[in-house]
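Inspection log for the structure reproduced underneath, given as structure tokens.
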Amino acid sequence: MGKDYYKILGVEKNATQTEIKKAFHKIAHQYHPDKKGGDEQKFKEANEAYQVLSNEEKRAQYDRFGTAGAAGGGAHAGGGFGGFDFSGFQTGDMNFNFDFSDIFGGFGGFNGGSYSSQKKRGRDIQVAVEIEFKDAFLGKTQTIEYMREKPCPDCKGTGAEKDSEMITCPQCEGQGKIQTQVMGIFATVTECPRCEGVGKIPKNLCKTCKGKGTIKEKERVEFIIPKGIKTGDSLRIAHKGEAIKNGEAGDLYVLIQVKPDKQFKRNGMDLLTTQTLSLSEAVLGTEKEITLLDNSKVTIKVPAGTQHGTVLKVSKKGFAEKGDLLVSFEIAIPKKLSKKAKEALSALAEEGY
């Protein structure tokens, strides 16, 4: 029988057409010559087997007479690429007798012999912005300035002089793509570097940008810093990154750094602060008024007998009204006492306090 086509595709002799096709797809993905780690010989063998077994007449001939019978049925017509049927192959336009998009799903941008390109996009830009602790708590409108590639104001990003005629690109002849490498019968197709995939070039270049389509200029952007933002957060501003000819601009990412505050700290969405109590306030109890970052005031009742390190909570007074205000207390022990104060403490000591 010669070559065992069923074994090459890894299917049983009673395999259905669906199973045969699925098996070939798997092998084609694995061994495609243009793919890293591909194996042209194994790809050829798989293709040869598929061309026979996917055709009912050729398969019947193969099952009766082996590879000689399959060849008689036309599997090797045109010779060359291991059983590939060249009846649908035309040298000029790379048309094949089966759909590569069906086999490779558009692998490598080579879809049925045609070139498919995604819309180009400019580079993203990242800038760091330092804000006050208060701004992170309250939120604010921020304005920054930075340099970026912007669409040329004269040619509007086309690269052409105003009212200039657009002519067919001489390098790709209007196709927007060029064949840059050939492996066997397979062509690697890439974007034309002259017209950048458009197929046309301006007859006269824009004098401002010299045909580049963009110019480097200062950009001024205003954006909102939301309440509750923290160090390490990043804000995305769409289409304010680098512009690019015949494509869309990238995005601007603003990386936030929050300055520390002398009175307040942060834990998640909670706002932390520390208050000092005198010895008598801790023993007898008191009330403490705290001015928050938005200048509002909160009064906290400190119970008698409050210990050093005690934490009291005020709900919904933290970041973005989601966290809480947590107030910890430290007790100040006096280093010097008056005679009267010493006598009072001595009396407390006698009472066991």
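Answer with yes or no whether Lys36 is within 22 Å of Gly66 (Cα to Cα) and either surrounded by fewer than 18 Cβ atoms within 10 Å (Cβ to Cβ) or among the basic types (Lys, Arg) (or both). Break it down stepwise before answering.
Working: within 22 Å of Gly66 (Cα to Cα): no; either surrounded by fewer than 18 Cβ atoms within 10 Å (Cβ to Cβ) or among the basic types (Lys, Arg) (or both): yes.
Taking the combined requirement at face value, the residue does not satisfy it.
Which count do you get for residues in segment 120-141 that are part of a loop (DSSP other than H, G, I, E, B), in contact with an Asp or Glu (Cβ under 6 Å, 6 or more places away or on another chain) and surrounded by fewer than 18 Cβ atoms within 10 Å (Cβ to Cβ)?
Narrowing segment 120-141 to residues part of a loop (DSSP other than H, G, I, E, B): 122-124, 132, 139.
Narrowing the set further to residues that are in contact with an Asp or Glu (Cβ under 6 Å, 6 or more places away or on another chain) leaves 122-124.
Narrowing further to those that are surrounded by fewer than 18 Cβ atoms within 10 Å (Cβ to Cβ): 123-124.
Looking only at that region, the number is 2.
Looking for whichever is modelled with pLDDT of 65 or more and buried (at least 17 other Cβ atoms within 10 Å of the Cβ) here; the options are Phe65, Phe89, Phe43, Phe84. Which one fits?
Working: Phe65 fails: buried (at least 17 other Cβ atoms within 10 Å of the Cβ); Phe89 fails: modelled with pLDDT of 65 or more; Phe84 fails: modelled with pLDDT of 65 or more.
Just a single option satisfies the conditions, and that option is Phe43.
What residue, of Gly305, Gly323, Gly318, Gly352, is at positive phi and surrounded by 10 or more Cβ atoms within 10 Å (Cβ to Cβ)? Give the steps one after another, and end with the answer.
Numbers: Gly323 fails: at positive phi; Gly318 fails: at positive phi; Gly352 fails: surrounded by 10 or more Cβ atoms within 10 Å (Cβ to Cβ).
After ruling out the rest, the residue left standing is Gly305.
Under 8 Å between Cβ atoms, at least 6 apart or on separate chains: pull out the pairs that start in segment 217-243 with a residue that is under 14 Å from Leu255 (Cβ atoms) and hydroxyl-bearing (Ser, Thr, Tyr) and end on any residue that is at pLDDT 95 or above and buried (at least 16 other Cβ atoms within 10 Å of the Cβ).
Thr231/Ile256; Thr231/Val258; Ser234/Tyr253; Ser234/Val254; Ser234/Ile256
The values are calculated or read from the model by the stated rules, or taken from the named source; none is laboratory data. What you see is a predicted model, and the numbers here were worked out from it, not measured in a lab. Heads up, the Cβs are rebuilt from the backbone with ideal geometry, glycines too, and the neighbour counts pull from every protein chain shown.
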